Amino acid sequence: MEADLNKEKALLQRAFKYGLEYLEQVDSMPVIPQGDSLQLLMNFEEEKISETGVSPEAILKLLHISGAPNTVAQTGGRYFGFVNGATLPIGLAASIIADFWDQNSALEVMSPVVSRLEAITEKWLADLFGLPEDTAAGFVSGTSVASFCCLAAARYHLYNQKGWDIEAKGLYGAVPLRIVTGEDVHASVIKALHLLGFGSDHIVKIPCDAQGRVMPDQLPLLDDMTIVVLQAGNVNSGAFDPFKIICERAKSAGSWVHIDGAFGLWAAASSHFDKLTEGLSMADSWAVDAHKTLNAPYDSGILLCRNRKALLHAMAAQGDYIVHGNQRDGMYYTPEMSRRSRIIALWAILKFLGKAGLAALVDRLHNHALTLGSLLREMGYSVMNEIVFNQIMIRYQSDEKTMEVLRYIQSSGVLWCGPSRWKGEAVIRISICSWRTDDEDIRKAAETFQKAI
Ligand SMILES: *Cc1c(COP(=O)(O)O)cnc(C)c1O
């Protein structure tokens with residue numbers, strides 16, 4: 001394997017050509033791979049890894065011919081599954097540059113540009129979300145990891161206040177912390193708590209209202225050994241917990257409040273959602289995904305923490321070979337040392353959109369959800385949630401009929417959305433999350449739902 005710049009350039013040009021072909025086709029291909037195309041996956045089957053290796057051109061061709069048709073068209077306008085988001089062109093373009101650079105984001109000395117962009121974006125995010133000016137940010141793979149880090153900071157802080165050295169002693173013999181959250185808490189929060197050594201028996205789940213919001217009058221008495229976990233954007237209904245009243249109570253009791261805002265925290269960037277996000281800035285930590293509502297390339301999660309010292313303690317790592325920078329060393333804000341430079345695409349998207357562009361993006365997703373929601377209601381679907389953000393939950397007559405509709409929708413290839421259950425009943429869950437979705441996509445989606453019944 002010898003370096004040959006001309007060969008390298010030709011290979012990259014071919015990759016680029018395939019990528020552009022994909023881009024041209026993504027809006028007309030079936031939103032999820034169907035029947036025949038799945039057969040192409042057989043072309044990847046091999047008993048053993050090749051002895052001699054394969055030419056780069058052949059590999060790219062295999063990916064293009066047999067891989068591309070078996071992707072999910074999530075960068076198109078009619079993928080409404082989960083809360084996945086697409087990729088804004090500037091995000092993809094910046095990400096390509098970042099891939100050429102192949103930076104390691106661990107230390108300033110490994111990449112001055114990454115260190116700088118992380119520091120700048122940290123400030124921008126506090127401003128965009130209306131958080132305290134010195135809020136610390138860490139750039140991780142997703143909200144699951146972001147929540148994990150924030151809860152680790154919470155654990156450090158609350159024990160430290162009591163004079164318990166969690167770094168030296170761990171949880172053995174420690175007075176238990178109590179976790180208070182809604183019964184509709186996202187699975188990723190529970191996973192993070194388990195990873196941190198908090199068992200389910202110490203998690204107090206509060207009843208939620210019909211929209212999935214924590215009911216404040218159901219909260220137990222809070223204290224300074226309690227972590228309260230709230231959410232901005234219920235994964236089914238899109239509902240936001242009543243932050244103000246709960247944060248006020250938590251604050252006076254000395255509890256730590258963490259908010260899982262995987263897709264919903266972005267609402268704080270548009271004044272249209274001021275009522276929903278009221279009091280959100282009073283929390284201690286927040287987790288959010290750039291790869292969802294912001295339409296950044298995967299994987300891009302952000303942790304935000306009011307207490308920088310607690311976060312730095314929780315994420316601390318030492319080694320004689322580590323070279324400390326004068327500026328930001330990213331690894332002290334995340335569990336990983338080596339990380340890809342996801343900050344480059346994130347920074348580029350925020351710079352491109354600006355405050356007004358970001359607010360417009362969030363408003364646009366919401367407005368499409370409102371439009372589709374009312375079209376579906378007119379057709380006879382029951383809309384099961386208040387459409388406060390980008391989520392729509394619908395149902396048609398019975399569990400059986402609802403699932404029949406869903407099967408029709410999923411096999412149509414026109415759009416894709418998935419099932420869920422809401423208060424014991426089957427629902428179809430629609431998430432408007434792609435910047436590319438336009439009025440025509442909403443019309444096509446509505447038409448398909450009409451045909452389904
Ligand atoms: C997506 C999501 C998560 C998990 O985020 P990942 O980026 O997939 O780790 C957590 N909470 C909510 C509300 C989500 O929508």
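Only the coordinates and a few stated rules stand behind these numbers; no lab work does. This one's a predicted model, so the numbers in the text were calculated from it and none came from an experiment. Every residue, glycine as well, gets a Cβ built from its backbone with ideal geometry; the counts of neighbours run over all protein chains shown.
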Checklist line | 2 or more residues under 30 Å from Ser341 (Cα atoms) and in contact (Cβ under 8 Å) with a residue 40 or more places away in the chain: qualifying strands (runs of 3 or more DSSP E) within segment 130-207 | finding: 136-140
Note to self: Looking at Glu51 and the list (1) assigned to a helix (DSSP H, G or I); (2) more than 30 Å from Ile409 (Cα to Cα), which single condition is not satisfied?
What the structure shows: (1)
Next item on the list: For residues that are of a type in the set (S, T, N, Q), within 16 Å of the ligand (Cβ to nearest atom) and farther than 14 Å from Thr135 by Cβ, tally how many sit in segment 245-287.
Entry: 1
Checklist line | Condition broken by Ala290, with the remaining ones in (1) within 16 Å of the ligand (Cβ to nearest atom); (2) surrounded by fewer than 24 Cβ atoms within 10 Å (Cβ to Cβ); (3) of a type in the set (A, V, I, L, M, F, W, C) satisfied | finding: (2)
Notebook entry, point to check: Quick one: how many residues across segment 97-133 are among the β-branched types (Val, Ile, Thr) and crowded, with 17+ Cβ neighbours inside 10 Å?
Noted result: 2
Margin query: All but one of (1) within 16 Å of the ligand (Cβ to nearest atom); (2) surrounded by 14 or more Cβ atoms within 10 Å (Cβ to Cβ) hold for His194; state the number of the condition that does not hold.
Written below: (2)
Margin query: Please list, ordered by residue number, the strands (runs of 3 or more DSSP E) wholly in segment 254-350 having 3 or more residues that are in contact (Cβ under 8 Å) with a residue 12 or more places away in the chain and closer than 28 Å to Leu221 by Cβ.
Written below: 256-260, 285-289
Next item on the list: Filter segment 225-244 for residues that are within 15 Å of the ligand (Cβ to nearest atom) and in a strand (DSSP E or B) and give the result.
Entry: Val229, Leu230, Gln231, Ala232, Phe240
Next item on the list: Would you point out which residue out of Ser338, Ser398 is loosely packed, with under 14 Cβ neighbours inside 10 Å and under 27 Å from Gly142 (Cα atoms)?
Entry: Ser338
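Results for (1) closer than 20 Å to Arg306 by Cα; (2) more than 16 Å from the ligand (Cβ to nearest atom); (3) in contact with a Phe, Trp or Tyr (Cβ under 6 Å, 6 or more places away or on another chain); (4) not polar (S, T, N, Q), shown as yes or no for each residue.
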| site | (1), (2), (3), (4) |
| --- | --- |
| Leu131 | yes, yes, no, yes |
| Ala152 | yes, no, no, yes |
| Gly163 | no, yes, no, yes |
| Gly173 | no, yes, no, yes |
Check: Which residues, counting only those in segment 16-48, are surrounded by 11 or more Cβ atoms within 10 Å (Cβ to Cβ) and either in a loop (DSSP other than H, G, I, E, B) or β-branched (Val, Ile, Thr) (or both)?
Finding: Val26, Asp27, Met29, Pro30, Val31, Ile32, Pro33, Gln34
